[in-house]
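Just below is one structure, and these are the notes that go with it.
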C-alpha cells in the first residue's frame, strides 16, 4: 500500500461483505469461519457463506454494525461493534455451540456497554495507526450511544492485543476457558476487558 495514499473511515456497506468476512475471521482467531462451516451447504466455500451472513441484516455480524478503513478505495481494516442489551439475556447456553458459550457468558458480564465485537487490519498495513484510529472511532460511537463503558473480549494468548488494550486503558474484568476448535492456535482463556470513558 502507498504510504501517501488517502485513508478514510466510513460506515460499511453490503458490498463490503467479502472483505468484512475475512477481517472478522482474522479478528475472531478463526472462530467465525469454523462457525460458518457448521451452517454452510456441503461443498460451499466457507468464506462465501460468511460473506452472505455479513451482507444480511439479522445478526451481530451484519455489515450494519461495521465501519471500514479504506486506503485508495481498498478496505484494509474494520471495526464491528454495538451496544449490548441491558439487561443482557443470555438465554439457554445449551442451545449454543460449546465454543461460543464462554464468549456469551463474558458478554453478559458487560450489559449496556459498547462492545467491540471485532477489530482487524490487513497484515500489510499494521503499524500505521489504522487500528488505533478504529479504536478512537469505537470511543466516539460509545459516547454517541450514551454508554460510559466500552468492552471487548480477547484471547489471553494473543499477548500483542492484550498489551495494546492495556495501553489503551482497558482492564481485565473476567475470564472463561477457551474451548478449542479446529484451526484454533490458542489455548488458555478468553478475557473480558473493559474501560470507563471519562
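The values are calculated or read from the model by the stated rules, or taken from the named source; none is laboratory data. This is a predicted model, so every value here is computed, not measured. So basically every Cβ, Gly included, is an ideal-geometry build from the backbone, and we count neighbours across all protein chains shown.
Some observations on this one:
- Complete set of residues in the range 135-179 that are closer than 22 Å to residue 69 by Cα and in a loop (DSSP other than H, G, I, E, B): 145, 168
- The residues listed here are 63, 82; of these, the one that is more than 20 Å from residue 123 (Cα to Cα), surrounded by fewer than 21 Cβ atoms within 10 Å (Cβ to Cβ), in contact with a helix residue (DSSP H, G or I) (Cβ under 6 Å, 6 or more places away or on another chain) and at pLDDT 95 or above is 82.
- Put simply, of 129, 91 the only residue that is free of Cβ contacts under 8 Å to residues at least 60 places away in the same chain, over 24 Å from residue 198 (Cβ atoms) and loosely packed, with under 15 Cβ neighbours inside 10 Å is 91.
- Selection from the range 176-188 of residues that are more than 13 Å from residue 34 (Cα to Cα) and touching a helix residue (DSSP H, G or I) at 6+ places or on another chain (Cβ under 8 Å): 176, 177, 178
- Total residues in the range 2-58, condition surrounded by fewer than 20 Cβ atoms within 10 Å (Cβ to Cβ) and at positive phi: 2
- Subset tally (residues that are farther than 12 Å from residue 182 by Cβ, in contact (Cβ under 8 Å) with a residue 24 or more places away in the chain and not in a loop (DSSP other than H, G, I, E, B)) for the range 21-45: 8
- Qualifying residue in the range 66-74 (condition: free of Cβ contacts under 8 Å to residues at least 60 places away in the same chain and either within 16 Å of residue 197 (Cα to Cα) or buried (at least 19 other Cβ atoms within 10 Å of the Cβ) (or both)): yes
- Count of the range 55-71 residues which are part of a loop (DSSP other than H, G, I, E, B) and either under 16 Å from the mean Cα position of the chain (by Cα) or closer than 12 Å to residue 24 by Cα (or both): 4
- When the test is whether a residue is surrounded by fewer than 18 Cβ atoms within 10 Å (Cβ to Cβ) and in contact (Cβ under 8 Å) with a residue 40 or more places away in the chain, residue 107 does not pass it.
- Residues of the range 99-109 that turn out to be within 19 Å of residue 151 (Cβ to Cβ), part of a loop (DSSP other than H, G, I, E, B) and in contact with a helix residue (DSSP H, G or I) (Cβ under 9 Å, 6 or more places away or on another chain), as a count: 1
- Selection of the range 114-133 for residues being in a helix (DSSP H, G or I), closer than 13 Å to residue 71 by Cβ and either modelled with pLDDT of 95 or more or in contact with a strand residue (DSSP E or B) (Cβ under 6 Å, 6 or more places away or on another chain) (or both) yields 125, 130.
- Each residue in the range 72-98 was checked for being more than 16 Å from the chain's Cα centre (by Cα) and either more than 17 Å from residue 15 (Cβ to Cβ) or part of a helix (DSSP H, G or I) (or both), and 14 of them qualify.
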